[in-house]
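Step one of this worksheet: look at the structure below.
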Protein chains: 2
Amino acid sequence: MKKQLHVITNGKQTGDEITRIARDIHTYITALHIREKTKTAKELTQLLEQLKRNGVPMSKIIINDRVDVAVCWQTKGVQLAYHSLDAALVRAAFPDMMIGCSVHSLEEAQNAEQKGADFLLYGHVFWTESKREQDPRGIEPLHHIVEQTSVPVIAIGGIKAENVCEVLHTGAAGIAVMSGILEAESPLEAAKNYKRELEVWNELNV
Amino acid sequence: MKKQLHVITNGKQTGDEITRIARDIHTYITALHIREKTKTAKELTQLLEQLKRNGVPMSKIIINDRVDVAVCWQTKGVQLAYHSLDAALVRAAFPDMMIGCSVHSLEEAQNAEQKGADFLLYGHVFWTESKREQDPRGIEPLHHIVEQTSVPVIAIGGIKAENVCEVLHTGAAGIAVMSGILEAESPLEAAKNYKRELEVWNELNV
């Protein structure tokens, strides 16, 4: 399976900025996670309308936390975090929903898998500015989680183009990037760089 | 149709307090709206679990804003406010969901009805501590909205047992109460008082 590239918004950019970047990069990425914790459902709706108007397909959008917004907008899926609805409840009520779960340990990963998660987001793997107070978890536990679960694991946290290969060697299904793309001088060039690394890996490992 | 008594939480009470009150009053009321804007989906889940454990039926619960929580918990319905998902989107995605819409003018009321709202919550009718900065809208516009729409209109805002009758004379389908019950010395006695007023009205107007 082709390695995935997820991009996750950081709650710091305006709707216009997110839209401009999304319009440029969406063909190079697997999914854009709308992770805007302070936005109301109405504000998320306005952002999704704007993305749609600018040609960003909903099939590339994953909504953080709000399953109802994901359903109403028929997005690719929903990403559940610690503060979200329980994955098992969501799976039972929305059998066709693609559910991602954010996990930080093997126990959480196995729990999420058991509850019906379609993929896991695990991190943070490397040191990152957005989690500067916490030590990174490193490559080893990522590898362990990949081995001990059977759903795709997407790695997140401080991943740069130059260590994509190291991450994928763990068996991770892909990577997720926040500032590495959204705060790059050229988000488009940054997305292309990551994408290129994933493609090189794909070609070497068919 | 019997006049309705809705009770709406105010975001100021703990889960234990809400549960204790709900356990006491649920047989006297039509619905308890969980309107806890700062609670995450996980925290709402914990509250709903606690309510359920204490014998409060989900068929008496209306969830503010979070349609996904309402679906997962099979509550009576959802209440949409200004910052919520658009009622038309929710109606299309969840055809069987009971949808209440909070409205503040005839225009908003007609708009909500057109979008598929099952009932409207209109206010605030009388002066109330929780909206102390705003003038109350009064009985006249309530009467006007009841006449110009064909969905049940529940009146809210500063309604006391002694003016229930005046409110119902507008044709309103019922009343909604926050502090009048939740912050009463005895929420149970307060709920019974309101309920009695509604029943007197029902008996005089069969």
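The values are calculated or read from the model by the stated rules, or taken from the named source; none is laboratory data. The shown structure was predicted, so the numbers you read here are calculated from the model rather than taken from an experiment. Glycine also receives a Cβ, built like all others from the backbone with ideal geometry; neighbour counts cover every protein chain displayed. The area values use the complete protein model at the heavy-atom level, side chains included, leaving out ligands, DNA and RNA. Shrake-Rupley method; radii C 1.70, N 1.55, O 1.52, S 1.80 Å.
Could we say that A:Lys60 is among the charged types (D, E, K, R) and touching a Ser or Thr at 6+ places or on another chain (Cβ under 6 Å) here?
Taking the combined requirement at face value, the residue does not satisfy it.
Of the residues B:His104, B:His169, which is in contact with a strand residue (DSSP E or B) (Cβ under 9 Å, 6 or more places away or on another chain) and either among the basic types (Lys, Arg) or on the phi < 0 side of the Ramachandran plot (or both)?
B:His104
Considering segment B:31-52 alone, what residues qualify as being within 14 Å of another protein chain (Cβ to nearest Cβ) and touching a His at 6+ places or on another chain (Cβ under 8 Å)?
The answer is B:Thr40, B:Ala41, B:Lys42, B:Glu43.
Here is a list of conditions, (1) under 20 Å from A:Ile34 (Cα atoms); (2) out of contact with any Phe, Trp or Tyr (no Cβ under 7 Å at 6 or more places or on another chain), and A:Ala93 meets all of them except one; can you say which number that is?
That leaves (1) as the condition not met.
Give just the number: which of (1) among the hydrophobic types (A, V, I, L, M, F, W, C); (2) away from chain B (no Cβ under 14 Å); (3) open to solvent by less than 40 Å² (accessible area, probe 1.4 Å) does A:Cys101 not satisfy?
Going through the list (1) among the hydrophobic types (A, V, I, L, M, F, W, C); (2) away from chain B (no Cβ under 14 Å); (3) open to solvent by less than 40 Å² (accessible area, probe 1.4 Å), A:Cys101 breaks only (2).
For residues in segment B:53-76 being within 13 Å of chain A (Cβ to nearest Cβ) and not aliphatic (A, V, I, L, M), which is least open to solvent (accessible area, probe 1.4 Å)?
B:Asp68
For segment B:166-178, does any single residue satisfy the condition of being open to solvent by 20 Å² or more (accessible area, probe 1.4 Å) and more than 30 Å from B:Phe94 (Cα to Cα)?
Yes, the conditions are met somewhere in segment B:166-178.
Given (1) surrounded by fewer than 17 Cβ atoms within 10 Å (Cβ to Cβ); (2) more than 8 Å from every other protein chain (Cβ to nearest Cβ); (3) of a type in the set (A, V, I, L, M, F, W, C), identify the lone condition not met by B:Ala109.
(1)
For segment A:147-162, state whether one or more residues are open to solvent by 60 Å² or more (accessible area, probe 1.4 Å), more than 23 Å from A:Gly100 (Cα to Cα) and among the basic types (Lys, Arg).
No, segment A:147-162 contains no residue that is open to solvent by 60 Å² or more (accessible area, probe 1.4 Å), more than 23 Å from A:Gly100 (Cα to Cα) and among the basic types (Lys, Arg).
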